[in-house]
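**Q** Dumping the structure here so I can ask a few things about it.
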Amino acid sequence: MPVFDLSITPLRELNGALHGLGPGTNDTAFEVINPRGHHAVAVGIDSPVTVEVRGSVGYYCAGMNDGGTVTIHGSAGPGVAENMMSGTVIIEGDASQYAGATGRGGLLVIKGNAASRCGISMKGIDIVVHGSIGHMSAFMGQSGHLVVCGDAGEALGDSLYEAKLFVRGSVKSLGTDCVEKQMRPKHLKKLAELLEKAGVTDAKPEEFRRYGSARKLYNFHIDNADAY
């Protein structure tokens, strides 16, 4: 297992090694020590490799991940797993704002809390937060799932499209065009799958409420002008 100590090794060497993996490579697992809040750690992965980051990171860690499994044994700054395509990103601690922004696929697991705008403009990513999330989360969420085992802040799902939101705790307020919806058997089944994948063992699907788009803002209508 290649080990990169970011206290003595330039970050460029780590990301270069991850980007230079070709067919038949024997390097399938990497360890990063002393990240010391570095930004853009393990960005642009496009191979099915495993990266263990032993500590906390700055902004945009694991951004644009496409097939890798990145575990952060600490907390993450803004934009973790931004624009993720596939693979898995796990944060053992907390995540700052806009975690999983514009994500198109894959699974993001936050075992602590997430700050504001979690899942903003999500486009197919699945996000599971063991704790709570901040305001304006899932703003303009287009597709995918946001699962929150704790509470949600103000304006949840503002201007939501077709992303599906599940919250176990309280919601401070719903954003424009976001409404509570019926939890059907297919939603319970999908939620159970996501909770299992994310390692959530202390919550049951029946304890969650589902939220989605009222579909009134897809196209401009004069009767809804005040909502824009």
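All of the numbers you see were taken from the coordinates with simple rules; none came from a lab. Owing to the predicted nature of the structure, the values given are computational and were not obtained by experimental measurement. Reconstructed Cβ throughout: ideal geometry from the backbone, glycine too, with neighbour counts over all protein chains shown.
**Q** Can you give me the long-range amide H partners of A155? Hydrogens built in the peptide plane at 1.01 Å from N, cutoff under 5 Å, separation of 5 or more residues or another chain.
**A** Distant-sequence amide H within range of A155: M136, S173, L174, G175.
**Q** Measuring from a point 7 Å past the Cα of E207 along Cα-to-C-beta, which residues in segment 164-193 have an amide N at less than 11 Å?
**A** 168-169
**Q** Further, regarding this structure: What is the sum of charges, Lys and Arg at +1 and Asp and Glu at -1, for the other residues whose Cβ falls under 14 Å from the Cβ of H19?
**A** That sum, taken over residues with Cβ under 14 Å, equals -3.
**Q** What list of ³J(HN,Hα) couplings, whole Hz, do you get for segment 208-217 from phi and the Karplus terms 6.51, -1.76, 1.60, once you set θ to phi - 60° and write x for glycine and proline?
**A** Using θ = phi - 60°, the values come out as 9, 10, 9, 10, x, 7, 7, 6, 9, 10 Hz.
**Q** On to the next question. Projecting each Cα onto the charge dipole of the chain (Lys/Arg +1, Asp/Glu -1 at the beta carbon, about the Cα centre), which of T9, G105, S170 comes out farthest on the positive side?
**A** Checking the options against the dipole of the chain, the answer is S170.
**Q** Mind checking which aspartates and glutamates have their C-alpha under 17 Å from K189, skipping anything on the same chain fewer than 8 residues away?
**A** Partners within reach: D126, D202, E206, E207.
**Q** Subtracting the Cα-Cα distance from 0.36 nm times the residue separation, let me have the gained length for T9 to E196 in nm, one decimal.
**A** So the extension gain works out to 63.6 nm.
**Q** Ranking K172, K111 by Cβ neighbours within 10 Å, fewest first, what do you get?
**A** K172, K111
**Q** Further, regarding this structure: Can you put T201, T9 in order, fewest other beta carbons within 10 Å first?
**A** T201, T9
**Q** Using the Cα centre of the chain as origin and beta-carbon charges of +1 (Lys, Arg) and -1 (Asp, Glu), tell me which of V89, L217, G20 is placed farthest towards the positive end of the dipole.
**A** L217
**Q** Let me ask something else. Enter the mean projected area of the convex hull around the alpha-carbon atoms of segment 105-228, in nm², rounded to one decimal.
**A** Dividing the Cα hull surface by four gives the mean projection, 6.9 nm².
**Q** Can you compute 3J(HN,Hα) from phi for each residue in segment 92-104, using the Karplus curve 6.51 cos²θ - 1.76 cosθ + 1.60 with θ = phi - 60°, rounded to whole Hz and x for Gly and Pro?
**A** So the Karplus estimates, Gly and Pro as x, are 6, x, 9, 10, 6, 5, 6, 5, x, 4, 6, x, 9 Hz.
**Q** For segment 1-73 and segment 179-195, what is the separation of their Cα centres, given in Å?
**A** 34
**Q** Also, quick follow-up: Excluding Y98 itself, calculate the net charge of residues whose Cβ lies under 12 Å from the Cβ of Y98, where each Lys or Arg counts +1 and each Asp or Glu counts -1.
**A** Once positives and negatives cancel, what remains is 0.
**Q** Follow-up question, since we're still on this one. Only counting other Cβ atoms within 10 Å, I'd like M84, M1, M64, M122 sorted with the fewest neighbours first.
**A** If I rank by nearby Cβ atoms, fewest first, I get M1, M64, M122, M84.
**Q** Could I ask something else about it? For the chain, with only Lys/Arg (+1) and Asp/Glu (-1) charged at the beta-carbon, what is the dipole magnitude about the Cα centre, in debye rounded to 20?
**A** Roughly 580 debye, rounded to the nearest 20.
**Q** Work from the charge dipole of segment 105-228 (Cβ charges, +1 for Lys and Arg, -1 for Asp and Glu, about the Cα centre) and give the residue of A203, H135, A115 farthest towards its positive end.
**A** A203
**Q** Ok, one more. Got a sec to turn the phi values of segment 108-121 into Karplus ³J(HN,Hα) couplings, 6.51 cos²θ - 1.76 cosθ + 1.60 with θ = phi - 60°, whole Hz, x for Gly and Pro?
**A** For segment 108-121, the Karplus curve yields 10, 10, 10, 7, x, 9, 10, 7, 5, 6, 4, x, 4, 6 Hz.
**Q** If you don't mind, there's one more thing I want to ask. Scale the Cα Rg of segment 1-96 by the rule-of-thumb value 2.2 N^0.38 Å and send over the ratio, two decimals.
**A** 0.94
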